[in-house]
Amino acid sequence: MTDGLPPAFTDCLLDSALEPVLEAAARRGAQDAKRKKKDEAAEVAKALLTVTVCDPACGSGSLLVAAAHRIARRVAEAREGNQSPDALRRAMREVVGSCVYGVDVNGEAVERTKDRLRIAAGVPGMTPPFLDGHVRQGNALIGASPEQIESGVPDEAFRPADGDDRGHARALRRANAKPDPGQATLFSEQGGYAHSNEALAKSLAKIGRLSGGASAGDRDRAAEYSKWRDSAAFHAKRLVADAWCAAFAWAKTPGAPPAIVNRVLLDLREQGAEGILPETLAEICRLRGEHRFFHWHLEFPDVFRVREGETRWRGGFSCVLSAPPREKIDRREGSTVFWFATGSGAYPECAVGLAEPGVPALRADLLFAERVTAILAPEGRAGCAVAPGTAAAPGARHLLDGLMRRGTLASLYDFAGPGAQVCLLTFLGDPGLDGPVLDGPVLDGPVLGNQARGGTAHGGGARFAFWLDGPAALGDDGRSFTLTPDEVALISPNTGALPAFRGARDAALIAAIYRRVPALWKETRRGEARRDETPAGGNPWKMRLATAFPRAAAGTGLFRAERELRDEGWELAGSTFIRDGQRMLPVYEPSMIGLFDHEVARPRHWIAEHGPVAVQRKGETVERPGVADRLAELGWNWEWLCAWRAPVLDRTAVAVFLPRAAATDSLPLMLPRVVPPFAAALIAAQSSLVFEYVARQKIVGSVVPAADWKQLPVPTPDMLEPHLPFIVPRVLELVYTSSDMAPFSRDLDDHGEDPFAWDPDRRARLRAELDALFFRLYGIDGREDVEYIIEALLGGEDDSWRAGKLALAAYDRMTEADTAGVEYETRVFPPPGHGPRRPPS
């Protein structure tokens, strides 16, 4: 993937992630020179050379080479005042020797990266030893931190996968109980595993400061790395860390070697390899070779320093750049990465995404992005090239939501053009995270200030742009926009999902709408304690969302076809089959409904009004409820229903009234606990052009899940109550066009006996007046904004644009009436609610 990132996108990633780091380093060097009264050029170059850049999935090293060239140009300019070939060559040699780090699980990729860096540095012959210490083979996604090791093996490591023995897994979980905390053990305050690498870190830092030149410093650093990795201390620490990771990959079967539980981990810490059974030791080594466990504080002790008596490392990379692989991590395959991601605690936000219903897999690039948050210095900056559409990807929203809530997301630019389909994600280190802490760079590295963050860090806004053709489109001010964490929480209060607005104007309009009109149902989010301002908490409509009958029931005998019923002597009356006082009610499906219309198509199936209904399931006869029984279970007593459907070609949000009947699970029900006039206002709001505009900006895909439907803005009953005399007569005419909806008309105090006639022109005018009212209720106060929304929704097609012009004309009349202080007079005659009726049947 790294090699497939075109140069223009690589430059864009470096501009957003690396350049602010270099700017901050240069400022810091200048400040140091002034404070120490030293040569500014030398201090700036020195500060630039303390920047550390890492790619945790480096491939063949393209991003690292590009980053090294950027830093070298800065160093050459600072030190020699020019970027001549000789100056760049000298600077590049130092940058590659001190600034660049890489990891890849593929050994060939590691060797290619080292070779490319060697060539870029102008080093002839074989790969220099210092690169062996900076570019390492390993799986960046699976590794242990000192804090994780100190906490012991989590019970989640013993969840059974396919092929495991569940009883044996339960026994291992019981055996995993931690030893007596009164002992001086791995898990107690009195004892503890010695994680410290502080002496080595200081030694490497000293070499970086005092070496008599780049070549001498590189040799000394390479020697220190080699000495460290050959030491008994390194191998002892790595064995304990490997054992901790191996617990997640261990076979939970009686025939497997004795597993890594906390008692075994303690023995390993106290006695080393001799303290555990040989077969257990052999399995740890086998799993290490298979999965390439990678422990950052052991592999890069100069970047991640662990002090004596501490378990949290201090440090991290100044900048992390990566274009990681995008393969799926699938729960059904039960890979070690999956079990580690969901059980180790190393990926709390991705783990929540993987636990979501209907999310069987998560992309590896998202796991890499969360891993980057752990290895990034608290004052650092990272850029990841991940798959396009990440903002709307299942499972990804928790990661992005976490970045937004912490105020560390700097920018998200999503490209969908022919040149490359990629999402460039830039974010900042988080000093408040429970994890690595920085009390000053290990190698005198830069501490970034707010200026380097472009005003986007830690509570500020992040920049977004979607549907871009290429990096050049970022120069169009209308395409990118800023959203603050508070605005994202307002627009997506339940999920924190980032809406893919097409431009700055859309973002501004949607944010303004949500400031005025709340989400239909605001839930309490994970980790949030919120006092709701609405009388019914976050659910002012006292809403219940439910599905009535699964579509899969069609093959069980619960749903009946027309020919079958006629053959059994049932007779059709309207849309209902009747026989001997019993009724078969129609089953509504999405294709049967439209705006204010439940009769777009005829029913295909019917179901008994009353149960129980005997059906066949897995070869057995079971009983299922009829329509009345199911609605009673849902606590619904009205003789009509409210529902919404999946998007159709010209409409994203379709809410509708239905007769009291059955509805498949692809036509979910809304069951508000309000009286009928308010229900009429609810469906009117959800059928308006302004509601459709918001839905089209926020809904991606062919379905509208309940979680997304809840987050669309709907005025509260209190907001709509003054407008009921305007809304209810119009909704009555639009809905009551069939005798099926007679109960609804009676509940709205309609005394006419027959349904209203279907007059397309009159219906268009009624809808236009409702659209105009809701433009105003949603706070769209400028005529230009109304025109913009109508144009965005309806385009220039004749029929659609005619509906838009009617709505705009009604909006103008309402504005004029409001300005004049007079009541709006309808242009619909006879007045709404008094239209022509159908002739009696």
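The values are calculated or read from the model by the stated rules, or taken from the named source; none is laboratory data. Since this is a predicted model, take the numbers as computed values, not measurements. Neighbour counts run over all protein chains shown; Cβ positions are idealised from the backbone, glycine included. With ligands, DNA and RNA removed, areas are computed over all heavy atoms of the protein, side chains included. Shrake-Rupley method; radii C 1.70, N 1.55, O 1.52, S 1.80 Å.
What the table shows:
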{"item": "Counted residues, the stretch 691-736 - those being of a type in the set (A, V, I, L, M, F, W, C) and farther than 25 Å from Arg397 by Cβ", "result": "10"}
{"item": "Candidate set: the stretch 632-662, residues that are in a loop (DSSP other than H, G, I, E, B) and free of Cβ contacts under 8 Å to residues at least 24 places away in the same chain; chosen: the one least open to solvent (accessible area, probe 1.4 Å)", "result": "Asn637"}
{"item": "Condition check for Glu108: free of Cβ contacts under 8 Å to residues at least 12 places away in the same chain and open to solvent by 10 Å² or more (accessible area, probe 1.4 Å)", "result": "yes"}
{"item": "Residue list for the stretch 315-348, restricted to those being in a strand (DSSP E or B), open to solvent by less than 10 Å² (accessible area, probe 1.4 Å) and under 24 Å from Cys12 (Cβ atoms)", "result": "Phe317, Cys319, Val320, Leu321, Ser322"}
{"item": "Criterion violated by Gly496 - all others in (1) modelled with pLDDT of 90 or more; (2) more than 30 Å from Ala608 (Cβ to Cβ) satisfied", "result": "(1)"}
{"item": "Among the residues listed as Ala792, Ala820, Ala742, the single one being of a type outside the set (S, T, N, Q), touching a Phe, Trp or Tyr at 6+ places or on another chain (Cβ under 8 Å), open to solvent by 10 Å² or more (accessible area, probe 1.4 Å) and without any contact (Cβ under 8 Å) to a residue 24 or more places away in the chain", "result": "Ala742"}
{"item": "Count of the stretch 660-673 residues which are touching a Lys or Arg at 6+ places or on another chain (Cβ under 7 Å) and modelled with pLDDT of 95 or more", "result": "3"}
{"item": "Per-region count, the stretch 549-581, residues at pLDDT below 90 and β-branched (Val, Ile, Thr)", "result": "1"}
{"item": "Number of the exception - Glu769 against (1) surrounded by fewer than 22 Cβ atoms within 10 Å (Cβ to Cβ); (2) outside any loop (DSSP other than H, G, I, E, B); (3) not aliphatic (A, V, I, L, M)", "result": "(1)"}
{"item": "Top-ranked residue of the stretch 231-275 - restricted to ones that are surrounded by fewer than 21 Cβ atoms within 10 Å (Cβ to Cβ) and part of a loop (DSSP other than H, G, I, E, B), ranked as modelled with the lowest pLDDT", "result": "Ser231"}
{"item": "Hey, Val622 touching a residue at least 40 places away in the same chain (Cβ under 8 Å) and either farther than 30 Å from Ile699 by Cα or not in a loop (DSSP other than H, G, I, E, B) (or both) or not", "result": "no"}
{"item": "Output for the stretch 111-139, where each listed residue is closer than 28 Å to Ala341 by Cβ, in contact with a Ser or Thr (Cβ under 7 Å, 6 or more places away or on another chain) and open to solvent by less than 20 Å² (accessible area, probe 1.4 Å)", "result": "Thr113, Val135"}
{"item": "Test: residue in the stretch 70-84 that is more than 18 Å from Leu49 (Cα to Cα) and not basic (Lys, Arg)", "result": "yes"}
{"item": "Hits in the stretch 58-75 (condition: open to solvent by less than 10 Å² (accessible area, probe 1.4 Å) and either of a type in the set (Phe, Trp, Tyr) or within 22 Å of Glu379 (Cα to Cα) (or both))", "result": "Leu63, Leu64, Ala67, Ala68, Ile71, Ala72, Val75"}
